[in-house]
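Novice: Structure in structure tokens, see below.
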Amino acid sequence: MYHDPSETFDKGAGLKGLTHGTNSEIATFTVTLFTRHTPECPQKDNPQWKQCKCRKSLYIYENGKVSYKSAKTRSWKQAETIAQAECDLRDPVKIKLASIEAEEAAKKAKEAAKKAARDYNLEDALSQWIAGQKRPGKETLKGYETFRRKMLNWAASKSIVNLGDVTPDALDAWVASWQDARATQAMRVSRLKSFLTWAFHLKKIEDNPAVMLRPIRSEVDAEETQPLTAPQFAELIAATYKYDADRRVDKDRFGADLRAIFMVQRWTGLRLSDVLMLPRSRVRGNRITTKTQKTGDQFEQVVPVAVIEALDAVPVRKTMHADQFFWSRVCDHRTLAGMWTPRIRRMNKYVSFKDDHGEPMSFHSHMLRDTFAVELLLAGVALEKVSKLLGHKSIRVTEKHYAPWVRSRTDQLENEMKAAMRRMGAAFAGD
């Protein structure tokens with residue numbers, strides 16, 4: 001409560017005790033305005049004098065404690081406004097009213113944000129987002145533009161014009177409809193979440209509709225471990241020539257490139273992205289040296305002559321960096337893999353692979369890494385050595401993926417042992 005100074009001051013007597021309320025209870029809060037006179041002021045003995053230009057201050061009594069606060073003015077009228085503001089800060093009714101007012105303001109702001117999102121054009125938002133990317137390389141920028149085009153095509157098919165019309169349900173249905181390679185899907189989900197998170201933080205949308213989208217699992221995790229047989233690998237190499245025969249112009253003929261990629265993977269076990277980033281300068285004699293993207297480890301291995309011959313046959317392209325077989329060096333390894341995966345997937349048009357049960361089997365590049373590992377295991381190479389060659393951090397990872405072939409190797413060794421013992425004259429149950 002704000003008290004008139006005349007209630008609490010006697011002229012010339014200074015400050016006196018303050019009481020307020022029923023039953024002579026001491027007030028929990030009072031504020032009294034007074035003047036701090038200068039020594040030269042004629043009214044220096046009267047703290048209630050209003051007309052002089054001396055500084056005005058507040059005497060505050062709260063919960064049994066006294067404090068003083070400068071009103072930061074020489075005007076009594078302005079000081080009264082400041083004193084009243086101090087009272088208002090502690091007035092339960094006014095506090096409640098202020099809270100209601102704040103809630104109403106927040107509600108209006110929320111509605112305004114919703115309206116702004118509904119009215120904010122999706123195409124404009126995508127263009128602004130792409131323009132804000134920090135110096136993307138040519139290939140990366142191309143990837144953003146491809147994403148922009150696909151999202152706008154989808155939006156048009158659903159009559160979505162504004163950013164606020166993009167809902168979680170609509171996004172979930174769109175992602176479920178994708179039929180691209182998993183690497184491509186993973187990249188698209190990443191960009192979709194990046195775009196909508198950007199829009200959310202810039203307050204262009206009230207809620208982020210992509211927050212519940214799950215990452216797309218990579219093909220390595222999604223596909224069953226399945227090595228190729230020698231005839232299947234020969235069929236795959238032959239398919240690269242058929243691939244070129246179907247292309248209309250030379251610039252679209254990547255048969256030699258694909259043969260080299262497949263040969264390197266088959267005889268080194270490298271992941272696709274590591275092969276794609278292999279520099280020309282790191283192929284010396286019959287040895288390949290590179291750095292793996294997943295672990296950052298240095299990789300060095302001797303390879304057969306056929307691998308070197310395949311790499312030598314890769315044409316020098318203007319779109320590639322001078323020291324790279326398959327990479328322009330203007331995009332990251334994920335974008336690079338996404339560019340080559342569709343070409344690799346087209347191999348399924350020219351091969352007719354079947355699994356161990358005789359069922360049709362689609363080819364994917366990780367099969368070549370599996371082929372490398374399984375052939376080594378069946379040739380008797382120790383599991384821990386195969387694990388090291390694959391760049392696995394733990395032998396348990398190798399066991400998880402290749403346990404069936406570890407058992408096959410054990411069976412193979414057991415049969416060889418039995419055969420040797422039979423030649424020594426031993427007999428076994430069932431013979």
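The values are calculated or read from the model by the stated rules, or taken from the named source; none is laboratory data. None of the values given here were measured: they were computed from a predicted structure. So basically every Cβ, Gly included, is an ideal-geometry build from the backbone, and we count neighbours across all protein chains shown.
Novice: Considering only segment 133-143, I want to know if a residue exists there that is at pLDDT 85 or above, under 26 Å from Arg334 (Cβ atoms) and not assigned by TED's automatic domain parsing to the domain that holds Leu272.
Specialist: Checked segment 133-143: no residue is at pLDDT 85 or above, under 26 Å from Arg334 (Cβ atoms) and not assigned by TED's automatic domain parsing to the domain that holds Leu272.
Novice: Let me ask you something else. Going through segment 381-398 one residue at a time, which ones are without any contact (Cβ under 8 Å) to a residue 60 or more places away in the chain and surrounded by 14 or more Cβ atoms within 10 Å (Cβ to Cβ)?
Specialist: Going through segment 381-398, the residues without any contact (Cβ under 8 Å) to a residue 60 or more places away in the chain turn out to be 381-388, 392, 394-398.
Val381, Leu383, Val386, Ser387, His392, Ile395, Thr398, listed by residue number.
Novice: If I filter segment 215-233 down to residues being more than 14 Å from Arg369 (Cα to Cα) and assigned to a loop (DSSP other than H, G, I, E, B), which single residue comes out as modelled with the highest pLDDT?
Specialist: So the residue we want is Pro215.
Novice: Please list, ordered by first then second residue, the pairs with beta carbon atoms under 7 Å, 6 or more apart or interchain, first in segment 174-196 and of a type in the set (Gly, Ala, Ser), second outside any helix (DSSP H, G or I).
Specialist: Within 7 Å, the pairs are Ala183/Ser218; Ala186/Pro215; Ala186/Ile216; Ala186/Ser218.
Novice: Additional query: Could you please tell me which pairs satisfy a Cβ distance under 9 Å, a separation of 6+ or placement on different chains, a first residue in segment 262-288 that is in the same structural domain as Leu390 (by TED's automatic domain parsing) and over 14 Å from Met367 (Cβ atoms), and a second residue that is hydroxyl-bearing (Ser, Thr, Tyr) and buried (at least 22 other Cβ atoms within 10 Å of the Cβ)?
Specialist: Listed by first residue and then by second, the contacts come to Asp274/Thr268; Ile288/Thr268.
Novice: For segment 324-361, which positions are over 20 Å from Phe254 (Cα atoms) and hydroxyl-bearing (Ser, Thr, Tyr)?
Specialist: Answer for segment 324-361, where residues must be over 20 Å from Phe254 (Cα atoms) and hydroxyl-bearing (Ser, Thr, Tyr): just Ser352.
Novice: Still on this structure, I have one more. Quick one: in segment 381-414, which of the residues that are at pLDDT 70 or above and polar (S, T, N, Q) is farthest from Gln265 (Cα to Cα)?
Specialist: Ser394
Novice: Taking into account only those residues within segment 155-180 that are among the small types (Gly, Ala, Ser) and surrounded by 19 or more Cβ atoms within 10 Å (Cβ to Cβ), which is nearest to Met339 (Cα to Cα)?
Specialist: Across segment 155-180, the extreme among qualifying residues is Ala155.
Novice: For segment 5-40, which positions are in a loop (DSSP other than H, G, I, E, B), touching a strand residue (DSSP E or B) at 6+ places or on another chain (Cβ under 8 Å) and either modelled with pLDDT of 85 or more or closer than 19 Å to Cys87 by Cα (or both)?
Specialist: Matches in segment 5-40: Thr8, Leu18, His20, Ala27, Thr28.
Novice: Looking at segment 283-380, what helices (runs of 4 or more DSSP H) fall wholly within it and have at least 2 residues that are surrounded by 13 or more Cβ atoms within 10 Å (Cβ to Cβ), at pLDDT below 90 and not aromatic (Phe, Trp, Tyr)?
Specialist: Once the helices (runs of 4 or more DSSP H) in segment 283-380 are filtered for at least 2 residues that are surrounded by 13 or more Cβ atoms within 10 Å (Cβ to Cβ), at pLDDT below 90 and not aromatic (Phe, Trp, Tyr), what remains is 333-345, 366-378.
Novice: Then there is this: Mind checking whether some residue in segment 201-214 is in a helix (DSSP H, G or I), within 19 Å of the chain's Cα centre (by Cα) and within 30 Å of Ala131 (Cα to Cα)?
Specialist: Yes, segment 201-214 contains a residue that is in a helix (DSSP H, G or I), within 19 Å of the chain's Cα centre (by Cα) and within 30 Å of Ala131 (Cα to Cα).
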